[in-house]
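Single-structure report; data block below.
The values are calculated or read from the model by the stated rules, or taken from the named source; none is laboratory data. All values reported here derive from a predicted model rather than from experimental measurement. Positions of Cβ are backbone-derived with ideal geometry, glycine not excepted, and every protein chain shown enters the neighbour counts.
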């Protein structure tokens with residue numbers, strides 16, 4: 001019940017007007033925003049400035065998007081999840097997916113780091129070190145699972161190139177790679193495009 005309340009609170013406080021007005025993405029193709037938790041999941045369908053449909057309780061539907069946690073058995077259907085969703089909401093085209101999963105504390109790394117204390121001097125080498133061995137960058141790290149990583153500046157933008165002497169602090173965000181793989185596999189089966197994976201209002205890299 002607490003998770004469901006949390007999802008509803010998040011949906012009520014999400015800046016819909018900003019995102020429906022274009023936000024980070026303007027597209028003629030339908031955009032499907034997926035709010036996912038083990039207790040309650042929902043989907044918002046929109047195109048440019050227009051809200052086209054909103055559906056709750058999507059987790060139990062056949063071919064539903066993956067939720068963080070033990071992998072559930074795939075329930076097949078004659079038509080894909082996105083085909084049925086777009087049809088019900090009178091939308092057409094190749095869907096672009098935004099994933100907003102409810103991640104547990106063990107499934108999300110998010111912390112600020114001083115660039116002066118890092119041995120890496122640029123974003124590329126920093127991401128390579130995180131992928132190779134996270135302890136090289138963030139110190140104590142006991143999770144054996146491979147993670148996907150993203151580096152953000154303090155204003156939540158994705159920096160490139162040199163960081164030392166240029167950016168005093170960075171935010172490092174990571175989520176389990178296996179879940180990213182599940183998402184990418186599902187999006188491919190839906191014949192859509194993965195735009196972003198987000199936790200709360202943080203952008204998490206899905207393509208490194």
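General remarks:
- Residue among 55, 28 that is over 17 Å from residue 187 (Cα atoms) and at pLDDT 90 or above: 55
- For the stretch 92-103, the condition of being under 30 Å from residue 149 (Cα atoms), modelled with pLDDT under 90 and within 17 Å of the chain's Cα centre (by Cα) holds for at least one residue.
- Filter pass, residue 145 being in contact with a strand residue (DSSP E or B) (Cβ under 6 Å, 6 or more places away or on another chain), part of a loop (DSSP other than H, G, I, E, B) and in contact (Cβ under 8 Å) with a residue 12 or more places away in the chain: yes
- Criterion (crowded, with 17+ Cβ neighbours inside 10 Å, in a helix (DSSP H, G or I) and free of Cβ contacts under 8 Å to residues at least 60 places away in the same chain) met by exactly one of 137, 151: 137
- Residue among 158, 123 that is in contact with a strand residue (DSSP E or B) (Cβ under 9 Å, 6 or more places away or on another chain) and loosely packed, with under 13 Cβ neighbours inside 10 Å: 158
- Selection status of residue 208, outside any strand (DSSP E or B), surrounded by 12 or more Cβ atoms within 10 Å (Cβ to Cβ) and at pLDDT below 85: yes
- Among the candidates 44, 85, 130, the residue that is in a helix (DSSP H, G or I), crowded, with 19+ Cβ neighbours inside 10 Å and outside the structural domain of residue 147 (by TED's automatic domain parsing) is uniquely 85.
- The single condition from (1) closer than 19 Å to residue 194 by Cα; (2) crowded, with 17+ Cβ neighbours inside 10 Å; (3) in contact with a strand residue (DSSP E or B) (Cβ under 9 Å, 6 or more places away or on another chain) that residue 94 fails is (2).
- Restricting attention to the stretch 161-178, the residues that are surrounded by 13 or more Cβ atoms within 10 Å (Cβ to Cβ) and assigned to a loop (DSSP other than H, G, I, E, B) total 3.
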